[in-house]
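Novice: Structure in structure tokens, see below.
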Amino acid sequence: MSFDQIRIGLREQAIREGKKQFVGKLVTFDPGETTGIATWVANRDTVELVSVTQEATWPLEKAVPAFSRALDIAQPNAIVFEVYRVYNWKTDEHANSNVPTLQIIGGLKTLCIQRQIPYYSQTAQTAKQFCTDNKLEAWGFHRPLRHGRDAIRHGAYFLLFGHKNAS
């Protein structure tokens, strides 16, 4: 089954739940020292994955221009990014760290606030558990860039199921 067919099928469920499926331009991010960026155009019945890239975004001075370019080109109606949390089992890893991913997300949020672009976050598990490599291949969305592929997962999940939370 194609991605568009699945999305059309889920439309009825969204309507029953009082939600609307996203329609417009969307940019999705897998943030980190290397950030995946995917750009989408979603219409009522079709979704197009317009571009996928990954950018070196650390130090932060690299992130801001990379994100600005992506937002300038896409002119999105919303963005989605992978949220980053410091879990108990990662505290040793983050001891004495400046936690680059959190700073990169802060830079991205700042740009969205300045440009009045709504933004949403999802956990890595949310997107990765549903949007497997096999599904991405079946939908024609699989790309060789690891971080770009994770940005695709976040976009595909959001376009199918909408946002669960605003960040």
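Each value in this text was obtained by applying a stated rule to the coordinates, not by laboratory testing. Model, not experiment: these values are computed from the prediction. Cβ: placed from backbone, ideal geometry, glycine included. Neighbour counts: every protein chain shown.
Novice: For the chain, max minus min Cα coordinate along each principal axis, in Å, sorted largest first?
Specialist: 49, 35, 32
Novice: Which aspartates and glutamates have a Cα lying under 15 Å from the Cα of residue 128, excluding residues fewer than 8 positions away in the same chain?
Specialist: 30, 82, 137, 150
Novice: Expressed as an acute angle from 0 to 90° and rounded to the nearest 10, what is the orientation of the C-alpha long axis of helix 3-16 relative to the principal long axis of the chain?
Specialist: So the inclination is approximately 80 degrees.
Novice: Still on this model: Just to confirm the number: angle between the C-alpha axis of helix 100-115 and the first principal axis of the chain, 0 to 90 degrees, nearest 10?
Specialist: With rounding to tens, the tilt is 60 degrees.
Novice: Let me ask something else about it. Starting with the fewest neighbours, write out 6, 152 ranked by other beta-carbon atoms found within 10 Å of each beta-carbon.
Specialist: 6, 152
Novice: Return 163, 154 ranked ascending by Cβ neighbour count within 10 Å, so the fewest neighbours appear first.
Specialist: Least to most surrounded, the residues fall as 163, 154.
Novice: Considering only the chain, what is the antiparallel percent among its DSSP beta bridges, to the nearest 5?
Specialist: 70 percent
Novice: OK, next. Could you list 26, 111 so that the one with the fewest beta carbons within 10 Å of its beta carbon is first and the one with the most is last?
Specialist: 111, 26
Novice: Using a basic spin-label model with each label point 7 Å from the Cα along Cα→Cβ, how many nm lie between residue 135 and residue 56?
Specialist: The answer from the label model is 3.4 nm.
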